[in-house]
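Here's the structure we're looking at; comments come further down.
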Ligand code: FES
């Protein structure tokens, strides 16, 4: 007769163990991913498992009642205090008595999967930088001269198999009272180390600490800064918030900020100061939203374009304003939050993703991490639409990247009635091809308006302008309705058959809406601005297709907060993205932000993207003659030379 057979699901790992072996011990020996913070003391309940009783023909075992030890007093105590869900046992208490199948539920796994809603998106496996460990420390003794820290480290290393640990002065100052308050039982948050710093005790609580520690994923954009606060034990986003980048007062776009630093002594420092202050305001905001102490934020990951990267670090971006656009460093960076003046835990670590090139930043690297073109079987074009478009094209064989200066038109800037996406902005448009009358949806109302329904639909906010996605739809609809021609000219009332077209200076404009003396129009200059922006985007993508040696792509992913709002059909009618089946054009939302979250939650992903970035080929659009050629052709709507066969079919 053999020792009992234990099979863990979902891993399928199995082994024979002597009767009386705790389930947690069996799991450890088999390398099954079963969590524990208290080290088997029956305090943390992270080790919950669901034993399965019954017949398991697939596994070749029959499990009878009694295959696990009886419910013991520790489990009873835990159940009385906090309640153990039905069917669950504490893995550190329940002991193997007979053949059994034991399921490890997702929440009991250390490396749990963090759910992403999109089907085509990669999974996130939790593997955070910082974990909690409960230990019982040996008390000092006249005969044992070691310090309290040394005994704490000894306990951590012994119980948790951790390497040598360091501690900052800040921790040392709190260590002695906390050890005594907890009666030598404490919980430690341990950062497991990174490229520039070894493993370190970040924080210590008396007794068993019920709470968790947090990390921040920050997408530092030139216009907005968005932060997601994540629970490092569950991977859950507990608060998200965004603020305007305070650097806007130094210049709307990146190049004006670079020139601000060139023209004004100390200008770069001023901007560094501004962005860090903004960052701290954002941190306070998310902490407040989640109702947590900012001190509990122990890790932060940042993604940004190269100019923001330099300004955030306090490096003058001068070199980025001129060829050959050399970065001070393109590698990833592991720093202390304190060095950057960030209001996080005093020992918090900060990680910046690597930049791809002088024009293609850590934000593009984050998009690559989130969308993983390097793992794709089919050829995917990923476009992050902003004032600069970051473009990636590739599959598992090869990935190319470039950036293209689209300008601020897609954000509604430099458009006569343009505005940011806010209540009152037109965001969806339809123009009747016969009557040429527009219907539209305004942010802040969920109805489509029609010719005689304006007032009821938009009474709350009124119509204040057209946002970026609205202007894209507007121009595409004008093209479809024959109001604007291929080269981009708005027709006269005679040509278009509508008096909505009216002479406006030397060209025609299209009247979208009017109320009293408030008018929303699309001018021919607006059309020009959109033509330039979309041509820049398309020619960047087209150049990468040339370099790849293809003339079509299998699928297109629109990334960026703005990309999420673009209608694929309208983008294609404009000739902003290459021809592809419409159902193969998807939106990834803020992929850069997601990439930051992946790097925050899984430290292995940091190594992975560092490697991926080395293998991405950068294409510099500015020095490619074909770029100009593509740009000229792409200025037409949709394109002067390229057919869009799928779109037209
Ligand atoms: Fe903590 Fe079982 S390991 S309760």
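Some notes on this structure:
- Against the rule of thumb 2.2 N^0.38 Å, how large the Cα Rg of the range 96-215 comes out: 1.32
- Counting only DSSP beta bridges whose two residues both lie in the chain, roughly 70 percent are antiparallel.
- Size descriptors for the range 173-226: radius of gyration and Dmax over Cα atoms are 16.0, 51 Å.
- Scaling the Cα radius of gyration of the range 5-108 by the globular reference 2.2 N^0.38 Å produces a ratio of 0.98.
- Cβ-Cβ distance of residue 293 and residue 196, R₀ of 30 Å, FRET efficiency by 1/(1 + (r/R0)^6): the value works out to about 0.70.
- Rounded to 5, percent antiparallel among DSSP beta bridges of the range 214-355: 60 percent
- Straightening the chain between residue 158 and residue 18 buys 48.0 nm, computed as 0.36 nm per residue apart minus the Cα-Cα spacing.
- Computed log10 I(q)/I(0) for the range 214-355 at 0.13, 0.17, 0.19 Å⁻¹: -0.54, -0.88, -1.07, from the Debye equation with unit scatterers placed on every C-alpha and solvent omitted.
- Semi-axes of the equivalent ellipsoid for the chain, computed as √(5λ) from the eigenvalues of its C-alpha gyration tensor and ordered from largest down, come to 54, 29, 23 Å.
- DSSP bridge orientation in the range 95-243 - percent antiparallel, rounded to nearest 5: 95 percent
- Cα centroid of the range 178-202 to Cα centroid of the range 535-564, whole Å: 47 Å
- Two-site label geometry, residue 439 and residue 181: point separation in nm, points 7 Å out along Cα→Cβ: 6.4 nm
- Most tightly packed first, judged by the mean number of other beta-carbon atoms within 10 Å of their residues, the peptides 631-644, 182-195, 514-527 read 182-195, 631-644, 514-527.
- Once the Cα-Cα distance is subtracted from the 0.36 nm per residue extended length, the residue 322 to residue 552 segment shows a gain of 79.5 nm.
- FRET efficiency, residue 273 to residue 122 (Cβ-Cβ, R0 51 Å, nearest 0.05): 0.85
- For the chain, the longest principal axis of the alpha carbon atoms and the long axis of helix 591-601 meet at an angle near 10°.
- Where labels lie 7 Å past Cα in the beta-carbon direction, separation of residue 495 and residue 76 in nm: 9.0 nm
- Take the Cα of residue 2, step 7 Å toward its Cβ, do the same at residue 30, and the gap between the two points is 1.2 nm.
- Mean projection area, nm², convex hull over Cα of the range 165-266: 9.9 nm²
- Spin-label proximity, residue 172 to the range 119-152 - amide N less than 14 Å from point 7 Å beyond Cα toward beta carbon: 147-151
- Residues of the range 410-426 with an amide N closer than 18 Å to a point placed 7 Å from the Cα of residue 622 along the Cα-to-Cβ direction: none.
- Cut-off 17 Å (backbone N to label point 7 Å along Cα→Cβ of residue 331), residues of the range 607-649: 607-615
- Alpha-carbon centroid distance for the pair the range 265-293 / the range 343-394, whole angstrom: 22 Å
- For the chain, calculated [θ]222 nm from helices alone, where every DSSP H run of n ≥ 4 adds -39500 (n - 2.57): -9000 deg cm²/dmol
Bear in mind these aren't lab numbers, they're just calculated from the coordinates by the rules spelled out. Bear in mind the structure is a predicted one, so any value in this text is a computation, not a measurement. Positions of Cβ are backbone-derived with ideal geometry, glycine not excepted, and every protein chain shown enters the neighbour counts.
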